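J.: Provided herewith is a single structure, encoded as structure tokens, for subsequent inquiry.
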Amino acid sequence: MPPEQIAGSGWHAVTHPDDRERHRAKWLACVASGKPSEDELRFRRADGEYRWHLQRRVPLRDEAGNIVKWYGVVTDIEDRKRAEDKIREQESELRQMLDLTPQVVAVYGPNSERVYANRVALDYIGLSLEEWRQASDRGVYFHPDDRKRVLDSFDRAFSGGSVEEMELRLRKGDGTYRWFFTRCVPLRDEKGQIKRFYAASIDIDDRKRAEERLQQENVALRKKSIRPRCLKRSLEHLRL
């Protein structure tokens, strides 16, 4: 486009139709307020292709504070936008995979902030993702007898980046507890910095109950085997 065609509001002609009204309203608000602003929108290139750009606008004022003119810079961010779209797509696929995983999975940030919990986890504790993120009590979902031990283990993982494994009891939404085997693993970037912590928990309640029953049966068997020996010794004593 020649300069005279771009002058004034002529440059709006190369703005993507879906961005035009929003961008125009933002520009008018910027002029009315006199404040710098920025916007992301698509501009049409000479070959007809629309590409995403970041536009920044800054006013130039005279000594009295009056706006003399506006300076604008437009930066091509198409590659960045495509990369962001790809990341969002990958994150969406990952979340779908986590939601289909028959495990309780929670994702934490490098400072132990809550990032994501899969559908199995949220259904188990009876909360929405936002409610879980905003919950302030760290140990509220752990059995009181396990709480200190589990929190100490998580603190070691978060502070030192170690892999931690533990057995613990998690509280369901109905207030009951079930045993889980939990593994907390850090995810590092190419520089070795921790980006995320993944905590995956497998329900082992049936196994733990079976172990308890087996232990109780073994105790009962030992008692039965001790009783005849005691009786035999008593009879021998009476004979003497």
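J.: With the radius of gyration and the Kirkwood radius both derived from the Cα set of the stretch 1-92, what is their ratio Rg to Rh?
T.: Ratio value, two decimals: 1.04.
J.: Return the whole-Å distance between the Cα centroid of the stretch 64-84 and the Cα centroid of the stretch 116-132.
T.: Value for the Cα centre distance between the two parts: 40 Å.
J.: Here is a further query. Compute the angle between helix 147-160 and the longest alpha-carbon principal axis of the chain, please, reported from 0 to 90 degrees and rounded to the nearest 10.
T.: 50 degrees
J.: While we're looking at this one, here's another question. Given a 1.4 Å probe and every protein chain left where it sits, what share in percent of the accessible area of the chain is carbon and sulfur?
T.: Here it works out to 52 percent.
J.: Among rounded, prolate and oblate, which fits the stretch 88-135 when a ≥ b ≥ c are the square roots of the eigenvalues of its C-alpha gyration tensor, a/c under 1.5 means rounded, and a/b larger than b/c means prolate?
T.: Cα axes put the stretch 88-135 in the oblate bin.
J.: Against the longest alpha carbon principal axis of the chain, how many degrees, from 0 to 90 and to the nearest 10, is the axis of helix 205-239 turned?
T.: It works out to around 10 degrees.
J.: Would you list which lysines come within 29 Å of Lys81, measuring only between C-alpha atoms, while excluding same-chain residues fewer than 8 positions from it?
T.: Lys26, Lys35, Lys191, Lys195
J.: In 5 Å bins starting at 0, how do the alpha-carbon pair distances of the stretch 136-189 split up by percent?
T.: 4, 20, 27, 25, 14, 7, 3, 1
J.: Turning to a different aspect of this structure: For the chain, place one equal point scatterer on every Cα, skip the solvent, and apply the Debye formula. What is log10 of I(q)/I(0) at q = 0.10, 0.14, 0.17 Å⁻¹?
T.: -0.77, -0.97, -1.19
J.: Within 10 Å of each candidate Cβ there may be at most 14 other Cβ atoms; applying that plus a DSSP loop requirement, which trypsin sites (Lys or Arg not before Pro) in the stretch 149-215 survive? Can you show the working numbers first?
T.: Numbers: sites: Arg149, Arg156, Arg169, Arg171, Lys172, Arg178, Arg183, Arg188, Lys191, Lys195, Arg196, Arg207, Lys208, Arg209, Arg213; in loops: Lys172, Lys191.
The qualifying sites are Lys172, Lys191.
J.: In addition: Return the single residue from Lys35, Lys86, Lys148 with maximal mean-square fluctuation; model: Gaussian network over the chain, springs between Cα atoms under 10 Å.
T.: Residue with maximal mean-square fluctuation among Lys35, Lys86, Lys148: Lys35.
J.: Still on this model: What do you get for GluC sites (Glu not before Pro) in the stretch 140-195 restricted to DSSP loop and a cutoff of at most 14 other Cβ within 10 Å of the site's Cβ?
T.: Details: sites: Glu164, Glu165, Glu167, Glu190; in loops: Glu190.
The qualifying sites are Glu190.
J.: Output wanted: per-residue J couplings in Hz (rounded whole) for the stretch 118-134, from phi through Karplus 6.51 cos²θ - 1.76 cosθ + 1.60, θ = phi - 60°, x for Gly and Pro.
T.: Rounded to whole hertz, the list is 6, 4, 4, 5, 5, 5, 5, 8, x, 10, 7, 4, 5, 5, 5, 5, 8.
J.: Same structure, new question: Between Leu94 and Tyr71, 0.36 nm times their residue separation minus their Cα-Cα distance comes to what?
T.: Details: separation 23, 0.36 × 23 = 8.28 nm, distance 4.25 nm.
Between Leu94 and Tyr71, full extension yields an extra 4.0 nm.
J.: Still on this structure, please answer the following. Less than 9 Å Cβ to Cβ from His16, Lys/Arg counted +1 and Asp/Glu -1: what total charge do the surrounding residues give?
T.: +1
J.: While we're looking at this one, here's another question. Taking the Cα centre of the chain as the origin, how large is its charge dipole in debye, to the nearest 20, when only Lys and Arg (+1) and Asp and Glu (-1) carry charge on their Cβ atoms?
T.: Around 1680 debye, computed over the chain.
J.: Filter the GluC sites (Glu not before Pro) in the stretch 27-128 down to the DSSP loop ones having no more than 12 other Cβ atoms within 10 Å, then list what survives.
T.: Glu49, Glu63, Glu113
J.: Which value in nm describes the separation of the simple spin-label points at Asp189 and Ala135, placed 7 Å from the Cα toward the beta carbon?
T.: Rounded to a tenth, the inter-label distance reads 2.9 nm.
J.: Let me ask something else. Can you tell me, using C-alpha contacts under 8 Å and at least 6 residues apart, the relative contact order of the chain as a whole percent?
T.: 11 percent
The values are calculated or read from the model by the stated rules, or taken from the named source; none is laboratory data. The model shown is predicted, which means the values in this text are computed figures rather than measured ones. Reconstructed Cβ throughout: ideal geometry from the backbone, glycine too, with neighbour counts over all protein chains shown. Areas reflect the complete protein model, heavy atoms only, side chains present, ligands, DNA and RNA absent. Shrake-Rupley method; radii C 1.70, N 1.55, O 1.52, S 1.80 Å.
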